[in-house]
Structures are given as C-alpha cells and as structure tokens.
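To keep things clear, I will list the structure first and then write my remarks on it.
We did not get these values from a lab; they are worked out from the coordinates using the rules stated. None of these values were measured; they are calculated from a predicted model. All Cβ positions, glycine included, derive from the backbone under ideal geometry; neighbour counts span all protein chains shown.
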C-alpha cells in the first residue's frame, strides 16, 4: 500500500542537539551527576610494551585514604574476547603485551583517591624484547588472523608485456582519533546482578556482549545506554568496551555505581589508532599512463590483538583500486602482530590506506612519464559502460566519477592554475607550489554481511508526538537528526514532534556499530519501515472515519494522505483531521500505536575464499583539488585552495552533509600533514596530548575552501541518499599528493618520495635532500646516500619513519622519463 | 593530570606538582591530604558552601576559602587549593557546561571568561580567582534566551559533537570584546586556541562573522 506524504520545503534544520550544544546543557558521560555512593575507577596500566609480570604489590594502595578495592583478571569470569577473532586479553595475566594494557583496576571514594591508589600500586615486570615495527613482526613471522587476497587476471603476464614498471614501498602512518571527549562510562548495578552501563560508545551491543561474557552474565542482564559521544571517529567502536567492562566489574563487586573516565593522555597512550601500513607495490602501465596490472602486498600493523584488523585489511584490499580500473590485480593483505595497543576502526577503516597507495602510484606514474597526474587519473578512471568492474568483481553501477572529474577540472580551473604554478615555481626562490586532484570511490555497507541490518522502535503518543529508538549512536554526525526527519516526513508532521531517544540495548537488540558510514542507511530505513506499518494502521482507521454514506465516499486507506500535520482523503482534502486526532481515533479503536521496523540490505555478499563478490550496496564518489604552498627554507606548508565535489545522492539534510564533507576532509588532511605519532625506542607514545600531537586547527583550513555536490538519485538506498561519513576523509589525500607534486618540481630526474605525515619536518628533509642531490649530481659525486638525511641515530623512533629502507627501494626506481621498453624501470640510481 | 603523575606507576612515590601545591595550601599545618590518615576529602569532594547551603559536606583538610562571582552570582566555598577553576566549576559548583578536553591548556574546550578575558580554566587555579568575575557558557545565555553568538552557532551549524562548542563560544564572545580582526585570517588566528576534531571550522568562522553582522545592525 502506498500512503502519500509530502517532503517539507526547508530540510536544513539544525542538529537535534543544537540548543544543548550551544548552551552547555548537552550531557556527556562525565556531566552526569555522581550518585551519593559512587566509586571512581582508575586503571593501573602496563608501563612496558612486552613483559612478564613478576609481582603486583597493592599494599600501599590499600593504605590510601578512600581506597575501596583493587581487582585483577582473577575477578573476571572470562578474560578473552574480540569482535572478529576472540584473541584479546582484557586484563593482563602473567604477560603484558602493550603499554596501557590493564593490569590492576582500583576503585576509591573520590577521583583523587582513585588516582592516588593507582599510583600506589607497584608492578614488578620483567621487560621482554618488544616487537615495534611491521618489519620486525615479519622477521618474527608473527601475524594476526590469516592472509587475505584478491586476484584478477594475470599480473605476471601483464608485467612481461609492460611498457613500464614501477616498484616501490610506501609507509603509511597511523593517527589518533582525538575525540575531544575521552573514553568514559558509568555503571549502575541493579537487582539480581543486572547492570546498566552508560557509555560513550559507538557500539552499545558490543559492550553488552563483552560485558556479559567477561562477567559471567546473560545478555539480558546487561543494558547499555548511549546518549551521545563527544566524538567517536571509530575509536569508540570497540575500544570503549575495555573501560566499560572494567567499571562494570567494579560495580558488581562493590554494589556501587562506578565511574571510569580516561584523561586525554591516558586515552592516547592506551587506545589503538588508525592502522599504520607498510605496503610494497609493483605496477605496470602503458606510455599513456594506463595501468595494466597492480601487485601489492599490504602489511597492517595490527597491534597486540586483532580487534577489527581483519575487516580493516579487507577494506584496504577492496579499496586499493579506488576510482581506477585494474585489469589485472594481485593484492594480498596481512596483519602484523606488534606490541602496540590493538589498532582499531578509524573513519575510513583501511579504505584510506588502500586508496592512498594507488593515489601515490598515480603521482609516481605521472612523474615518471612527465605527465600531469590528472591525466593519468582520468585515463584510469572507471568507465560507465566498459572498464567498470572492480578487481573483486563488483559492477561500478551508477558511475558518476567521469562527471565529477570533468566538472571539477573546469570549476577549479585546474589547467589554468597548473600553468600559473609552473611559472611560479620557476620564478620563486622562496616558495614552491604543488597541486593535485585525487578521488574517492567508497564502498558502502559493512563487509561483514550480517552487520547490514538494523531495527527501530517507533512509539506514537496520544498528543501526536513520536519517540524513535534505533541502534544508531549520535557522535555529532547528525544521525539522530536524519532519522527524526525521515520519520517526521513519513507522517507529514513537524520535525519538532519527533524525538530520537538515547540508544539503548533495552529497546533495540543485537544492533550493529554506528560505523561504515551506514548508520542512517540502516537505522533510517528500519525507522521508515516501522513508520509505514503504523501509517497503514492509522490510515485504515481514518479511512473508516471519513467514509460517509452521505457523500458516497468509501473507506479506501490507500487514498489517505499524511501531510502538513493533517490527514485527509486525497479525494476530499478539505475534510481533514490533525495527526493527533487520528492517533486518538486509532487508540479508541484499540489499534497498536507502537511498532518495530527491521531492515536488511539486500543483494550484497562477498566470499573471501575467492576474493570475489559484491560487498557494497553502492559507492559514494567524489574528488578534490588541493593547491599547496611550501616555504623552501622551513618546509612550512599552507593549503591555498581546496575544491571538493561529491556525489552523495539526495541529501536528507544538506547542511549536515556539508559538515560531514568538510569535517572529514580536514581530518584526512590532519592525518597526512600534521598528526605525527612519535614513540620512544621502547614503544611508548611521546605525542600523547595536543601539546605535541597536532590536529588541524581553524588556521590550517585551506585559505579558499569550496565544497559542492552534484545531483544524483541513488535509487537503491533510503530516499535516494548516499552515506557521507567516511568517504570525504579520503579527499584529504589531495593535500598530501599536492605536496608530492610540489616536490616533483625540485626532484630533478627522480620520482619524488614523501612519507606520511608530510609535516613540515618531513617536507623540509625532502627539500634538503633534493637540493643536496642536485648539488652532488652537479659535482659528479656518486657517494651520496638517500638515507643520510634521515638520521638513524635519532633517539626517537618515529614509527612512520621506521622504514627508511623503503625509500632506498624507491630511489632505485628513479629514472623519470628514462623509459624502458624492456619492461623494467631503470634500476640504476640516478645519482 | 600532571605530566609527571603518569611516570610513577612503577615506583608509586614521589612529589607531584599538585601534592606540592597542597602542601603550600595548608601552610605546613598538615601533610598533603593524600598522605593524611583517615577519610580523605580531596579536591573533588569539596562542595560549595554557598547560598544553596550545602553545609553538610565537610571541606577537605587544608581547604581554603574562596569567594568569587560566577555568572553574576556570588559563590563562597572552601576548596582544596590544588583545584583548578575547571574542576571547581564542574565538581564543586556542578556546572558541567564547561568541558574537560586535554586538561593541558591546549584544546580550549574549558575556555571561560575571568573578568571578561578568555582563559583556559584547566590551567587556572580556582583560588587565583579570589574576588574575580567568572562567566561560563551557562552565564552567557540560556536555552530560552540565547546569546547572539549562541544563536549564530545554531544558524551556521558550527558544531558537530558539541564537546568543544562551549569553549568555542566563550572564546568567540571574548574575541568580540577584544575587537574582532577585520580579516578571516585574523579571526582564524585569534580562534586557533580552540580545536574542533569534527572540523566544523568553516561554520565556526561563519558564525563569528554572522554575529558581528547582527550586533552591528543592532548598534
């Protein structure tokens, strides 16, 4: 049955927490008032990356005034868990595997007493030799989970026939989520060992599962509630579980509410990050820059336990094509086990690490052939009617990439600006400019098929107002606002008549994480499904109500329209009743005014044993052009201009979507240009606060920042929308690629190399390197060594730079424009 | 937490900045509260002894009297001298609109006005504000009567998760008083002490400019 509704005129309504946010009345976990008997919880973490626990002495903690209790793994029912493979130990038993792994949990009467008790616990740990690089993990042959592979065609045959081949190694750095609200939870014990956990989490059901399992409870004894998060970005998909379970353990032991709030330094030191990757690649291409084959070996640094690494590597493998057709592909991913906190989901979820690999390759092909990188990318772009299947066999349907590329090329005046940049770089002695256009084609759906479902509860009250509850969690992205709008538009009522309630496992069971950009797709669809069932019932009642022997109008529920707060029969719109009146009529007719909706994404599936399938419902596409200016003397880099163009389908709320695009871009830019995770030789994070870890601030915005979308109707998804949370993050790569492009103006005959993040220091070191390289070339001095300027005697072990050898691999490939028809790039070092 | 606090998990001893301050606060009468035998009443437990009259809660040992004006209301309380203005607002006065981000004065989430100047309340000891006039987000406007800057933030969607928002707004309103720089670049520079991980920066900039426009029209 089709029951009509009208879409309101101005969909740009404010975020549903707008007034709360600006007035300081939005409640985050630590804003919840303490209960009178509440205890505060602190974690005693492992101070070493790998070690054997000799002894734990809590005697001094016991003497701390206000001390309540100290707990170890022995106080847990089980100690092993994990979202994919159950390999993670929550609290260390005899061995510690990363800095920040919980060894002891202490509880006390106040925050300061808990902190004092934490400091008073003495750990005696025998330090073992930790594994702190992917290379070391490979040497030790220690991996998490199995190897994953996707293959198409015959790469070896393509390499044998190739015009050109480039081989290289690419180090991709991690990043901290830096949600401003650190991990936080409060647990309230209830009767019969039931508990209520308030957590700042993207994944209430996961916490419910793990807490029940580790504490020996049934799932129905655990309720997890999430009102909102002060940022999540993937960092609260799995890693909010740890504090929640430990606080729940304390709550059950003490029978008192237990509060556990990480401070920022602890949070950054203890929790997993975006996966650093070490990727080897070999690519063949024609004289025109068309890729004929890609072979890649992806090594993710998984940290000490799997967490979500399997799925992250899966997404890296399915996104290494990005927007470009790969006729032959052989890509393999492995997860190195190291002694860092388990790396975890982070906006993009491995996709960005796959995508930057091929975007880097595009820049290198361009530098090698002396082409503009735009032309290389355009030549490799997925086609509409041909060259339109991915390396894993999915059809790139409704392909808007060519339109996006061609439109942005014009609107950004790419060609004209390129000519200006060429001139500028020839004339300026102080500054250097570069520009790049990069793309995103991001697959939407969880790669684990079972997660692509959601349920929603819609309750209508007698005054005509509605409560909606779903499994989606609000972390600022506006999912609640989207769902509120979808439901209000279904019933044709004002937006302010609908409230989306706090997420709770009590109302919505077995939910998926708010992740994969899919929260509105899945939960919004479920809410719409529930709303439509309710509308059918109400329409039956209203049709009866309007049926009249006088006018001869029969009861036809499918003629009933819900619009502008009223309900009427489309044949006689003048006779109408309010939505609230219709609700009351239905109530008196004893019609149920609450409904559950379920939604499961259809037509998707992937078989990892074959590396083939159609894992995604659709792709969100976009591209961005960024232009940068570099100070040749300091390496200081500013973004002069960024133009973004995206296909995000039909927006429910264009303002929210714009915020997602801009915000994700800025976050991607930060990952690749300013956010530098530095560790000691022992694996301790040094940059554990914004004092030393620099996320972009308002001053880092591109001086000119243009963001647009194209018109497209995504028929396969709710209201023709497309997911937008993660894809624009990938466009931050355009800034990094623009830096690499700038370096190509000074790198002479060699393909420039650039690590991530391209922070000022990295840029300066590359500038210095090429300056000296060219000087040495002039002096015919062949003794020059690439590694020279990356001082290996440095006290710090910058994780992203731990593979200076990778650069040497690439320097062997130098030989820009030294075309070799033999199928191999010139292997001789240019110097 | 102090930077040096984290290093002591292994040894479990050592003087920290805050225990040293506590010592100063009690003027040598007793040892730092953390080592005082008996039930502790450290910083977080000190409650306001103000007009609301919660005199049942005892002040911690070594507490010092503090009188200041918060959002145009005089507050008098006894407070552990180590307490930051941020913790004092959140824990002692139950005003949680001001947020704790990094607790190092680098993120700006805790920005409040002290005598009209914007300060990081996490880097300010509450007892240094004796007699001062403090304005927090709660004092700027209420959900029913929003300050023009708060309204501009709503109109421009200048937030996502909202955690940095009260700090951004307090910083922006102080900036209006300081004299808004004429250029975008100037505003950006003046707002660079308030970070937003959601990256709502362009909208924050728009909100500040919109507020400038609307107040211009009024005057």
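Would any residue of region A:491-507 have its amide N under 15 Å from a label point 7 Å out along Cα→Cβ of residue A:27? List them or say none. Label zone hits: A:501-504.
Take each residue of peptide B:162-172, count the partner chain Cβ atoms within 10 Å of its Cβ, and average: the result is 6. Highest mean packing comes first when the peptides A:372-381, A:655-664 are listed by Cβ atoms within 10 Å, giving A:655-664, A:372-381.
If a/c stays under 1.5 just call it rounded; otherwise compare a/b with b/c (prolate if a/b is bigger, oblate if not). Do that for region A:326-427, with a ≥ b ≥ c from the square roots of the Cα gyration tensor eigenvalues. Note, shape of region A:326-427 comes out oblate.
Region A:33-68 and region A:152-166 have Cα centres spaced 59 Å apart.
Relative to the current alpha-carbon distance between residue A:128 and residue A:80, full extension at 0.36 nm per residue lengthens the span by 15.1 nm.
Coordinate range of the alpha-carbon atoms in the protein assembly as shown per principal axis, descending: 94, 86, 65 Å.
Can you say what percent of the DSSP beta bridges in the protein assembly as shown, counting only those with both residues inside, are antiparallel? Round to 5. Approximately 80 percent, going by the DSSP bridge assignments.
Rounded if a/c is under 1.5, else prolate if a/b beats b/c, else oblate: with a ≥ b ≥ c from the C-alpha gyration tensor eigenvalues square-rooted, which is region A:56-115?
prolate
Model label sites at residue A:548 and residue A:190, defined 7 Å from Cα along the beta-carbon direction, differ in position by 5.0 nm.
Shielding of peptide B:188-197 by partners, expressed as the average count of other chain Cβ atoms within 10 Å per residue Cβ, is 6.
Averaged over the residues of B:102-109, the number of partner chain Cβ atoms lying within 10 Å of the residue Cβ comes to 6.
What separates the Cα centres of region A:651-729 and region A:176-190 is a distance of 22 Å. Ordering A:599, B:201, A:566 from the fewest to the most neighbouring beta carbons within 10 Å gives A:566, A:599, B:201. Length gained on full extension, residue A:463 to residue A:146: 108.5 nm, using 0.36 nm per residue less the C-alpha separation. The calculated 222 nm mean residue ellipticity attributable to helices in chain A amounts to -8500 deg cm²/dmol, summing -39500 (n - 2.57) over DSSP H runs of n ≥ 4 and dividing by all residues. On the basis of the beta-carbon distance and an R0 of 41 Å, residue B:213 and residue A:691 show a calculated FRET efficiency of 0.70. The order of A:581, A:410, going from fewest to most other C-beta atoms within 10 Å of their C-beta, is A:410, A:581. Length gained on full extension, residue A:771 to residue A:371: 141.7 nm, using 0.36 nm per residue less the C-alpha separation. Our note on the geometry: Cα centres of region A:89-136 and region A:460-478, 40 Å apart. Exposure proxy shown here: for A:38, B:144, the number of other Cβ atoms within 10 Å sets the order, fewest to most, as B:144, A:38.
Can you compute the FRET efficiency between residue A:558 and residue A:711 using 1/(1 + (r/R0)^6), with r the Cβ-Cβ distance and R0 = 25 Å? Round to the nearest 0.05. Don't skip to the answer; put the middle values down first.
Numbers: r = 31 Å, r/R0 = 1.22.
Rounded to the nearest 0.05, the efficiency is 0.25.
The mean sequence separation of alpha-carbon pairs under 8 Å and at least six residues apart, normalised by the residue count of chain A, gives a relative contact order of 15 percent.
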